[in-house]
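Okay, structure first, notes after.
The values are calculated or read from the model by the stated rules, or taken from the named source; none is laboratory data. Predicted, not measured: the structure shown is a model, and the values here were computed from it. Glycine also receives a Cβ, built like all others from the backbone with ideal geometry; neighbour counts cover every protein chain displayed. Surface accessibility is based on the protein's heavy atoms, side chains included, excluding ligands, DNA and RNA. Shrake-Rupley method; radii C 1.70, N 1.55, O 1.52, S 1.80 Å.
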Amino acid sequence: MAWSVPVDVCKTFTIVWNNAPPMRKIQVLFHDAGGGHRNAAVALQTVITQQNRGWEVELVQFQELTDHLDVLRKLTGIRIQEQYNTLLRNGWTLGATQLLRVLQATIWVFHRPLVKLLAEHFRKSNADLLVSVIPHFNREIAEAWKLARGDKPFATLITDIADFPPHFWIEPEQNQYVICGSEKAVEQARAVGKDDAHIFATSGMILRPDFYVPDHVDPVALRRELGLREGVTTGMLLFGGFGSKVMYDIVEWLDEAKLPLQLIVICGRNEKLAQELKARTWGLPMHVVGFTKEVHRLMRGADFLIGKPGPGSVAEAMMRKLPVILECNAWTLPQERYNTEWVKEKRVGIVLHDFKKIVVGVKQMLEPGTLAEFRANVGRLENRAIFEVPEIFAKLLGESPRMD
C-alpha cells in the first residue's frame, strides 16, 4: 500500500536542515623544516577526526603558500626548509643562533609582502580558527589574520618545550593566543605581556594518537623478533626523521667499549647511514631501521634512548617511559638547549657535553639503581596534551566543553 509524508512535515525537515549550523573550519599552518611541525599538524587533524568534533581541519604547508617570497630559494634554488634539513643531516649546526637571527631579519624585510600574501589567502580560506605550529612567522601571521578575519581567533601551538625569544614562537601581538607545553613556556608568555586569557597550558608536547593506543607488546618477544637478545639492556638511537652522521660514531664507540648492551638504531630518511651500518659486521647486537612509522612500537623493546634533544624525541621517550642520554653544546640548536635543562630538572636522563663521552654516559646509565631511578621519575610524568588541545580549540570557538 502506498504511503506519503504530509507536506507540513517535509517543510519542518527542510527548515531544520537549512537551519543546521555550518561546519566550523580550522586551518593549521605547518612546514617541513624538521619533522615535528608536520607531525603536530597531522596529530591534531587525526585526533579531531577520531573525536567526531564536526570541524573541518585543513592542513596548509606554509612553505608552498609563500614559495615565491622565499629569498633563500631565489639565491640558491633550495627552499629554506630543505636547507634546514640538510644542516640537520650533516650536523652543520655550529653558529645556528646567528643564522637564525639572519633568517628573522630577512623575514622582517619581507614583512609587508608576507602580510599581504597571507591576508589574501586567509580571506579566501574563510576559516573560523587559525592555528600555527611553526616558529618565526607568527608576527606576520597574526597581523595578516587580523586584517583578513577580524576578531576570529588565532593560536600558536608551541612545538618546542620552551620559546627562544625574541620573535621565535611568542609575539606581543594581542590577537595571538599561545598554547604552551611547559611551565617555562607559560612564564615566557607572561614575560612578553600575555594575559592569562591568551595563555593555555597543556601537560606536555602533543604526540600522535597512536602513542596512546593501549598495547600489550612483550619487550622480550619484540627483541626476539628484531634478532636481539632477550635479557640484555637495550638502548635506542633516534636522531629525528633525518638521522645524523654522529649515529655511526656512537655505534662505533659503543662497539669498541664492549659494554653489556644492544641497540635499536632508527636512521629515518638517512638511507646512506642505514646502508653503512648494515654493511659492517659489529660485535654489538644491533637492529637497524630506516624510515618507519613504528617508532612507538619499537620503543617497547628499549630501556633508554640516545638522541638529539628535539622536543618530539624527548616527549616520545617520556611517553614510552624511556630515560634519555642527550648532548648539549655549541652545536646544539638554540631552541633545543632548554630541553636538556628540562631533562636535568626532571631527573629523567643524562646530558653530555659531547657524544664522544657516550661510553661514560652509557656506563652511568647502566649503574645499579640509576636506570631504575630515571625510569621511576619518567613514570611520574603524564602527558595528555593531544586530548587537551581540542578542548582549547572548542573554547576559542565558543563551544561548550565535552563531557566525555
- Task: Compute the normalised compactness of segment 259-404: alpha-carbon radius of gyration over 2.2 N^0.38 Å, N being the residue count.
- Result: 1.22
- Message: Can you give me the accessible area per residue for the chain, using a 1.4 Å probe, in Å²?
- Response: 48 Å²
- Query: Ordering 269, 297 by how much accessible area each has at a 1.4 Å probe, largest first, what is the list?
  - Reply: 269, 297
- Charge dipole magnitude, Cβ of K and R +1, D and E -1 - segment 203-291, Cα centre, debye nearest 20: 140 debye
- Query: What percent of all Cα-Cα pairs in the chain falls in each 20 Å bin, counting up from 0?
  - Reply: 25, 52, 19, 4, 0
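Give the residue list of trypsin sites (Lys or Arg not before Pro) in segment 308-404 that are DSSP loop and have at most 14 other beta-carbon atoms within 10 angstrom.
Counting only loop positions with at most 14 other Cβ atoms within 10 Å, the trypsin sites (Lys or Arg not before Pro) in segment 308-404 are 347, 380, 384, 402.
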- Note on the structure: Pseudo-spin-label distance residue 123 to residue 256, built 7 Å along Cα→Cβ, given in nm, is 6.4 nm
- Can you pull the percent of the chain's accessible area that's carbon plus sulfur, 1.4 Å probe, other chains left in place? 55 percent
- Task: Would you please classify the overall shape of segment 206-307 from the alpha carbon gyration tensor, given that a ≥ b ≥ c denote the square roots of the eigenvalues, rounded means a/c under 1.5, and beyond that prolate means a/b larger than b/c while oblate covers the rest?
- Result: oblate
- Task: Please work out how much length the chain gains when fully extended from residue 364 to residue 347, using 0.36 nm per residue of separation minus the C-alpha to C-alpha distance, in nm with one decimal.
- Result: 4.8 nm
- Message: Under 19 Å from a point placed 7 Å out from the Cα of residue 225 along the Cα-to-Cβ direction: which residues of segment 286-319 have their backbone N that close?
- Response: 286-304, 317
- Task: Select from 329, 104, 287 the residue farthest towards the positive end of the dipole of the chain; place +1 on Cβ of Lys and Arg, -1 on Cβ of Asp and Glu, and compute about the Cα centre.
- Result: 287
- Efficiency by 1/(1 + (r/R0)^6): what FRET value for residue 103 and residue 391, r their Cβ-Cβ distance, R0 = 22 Å, to the nearest 0.05? 0.05
- Item | Taking segment 108-248 and dividing mean pair separation by its residue count, relative contact order in percent (alpha carbons under 8 Å, at least six apart) | 16 percent
- Message: Of the candidates 51, 104, 262, which one comes out as most mobile in a Gaussian network treatment of the chain with C-alpha springs shorter than 10 Å?
- Response: 51
- Ordered by number, the GluC sites (Glu not before Pro) in segment 183-276 that occupy a DSSP loop and have at most 15 other Cβ atoms within 10 Å are 230
- At R0 = 41 Å the Cβ-Cβ FRET efficiency linking residue 147 and residue 50, nearest 0.05, sits at 0.75
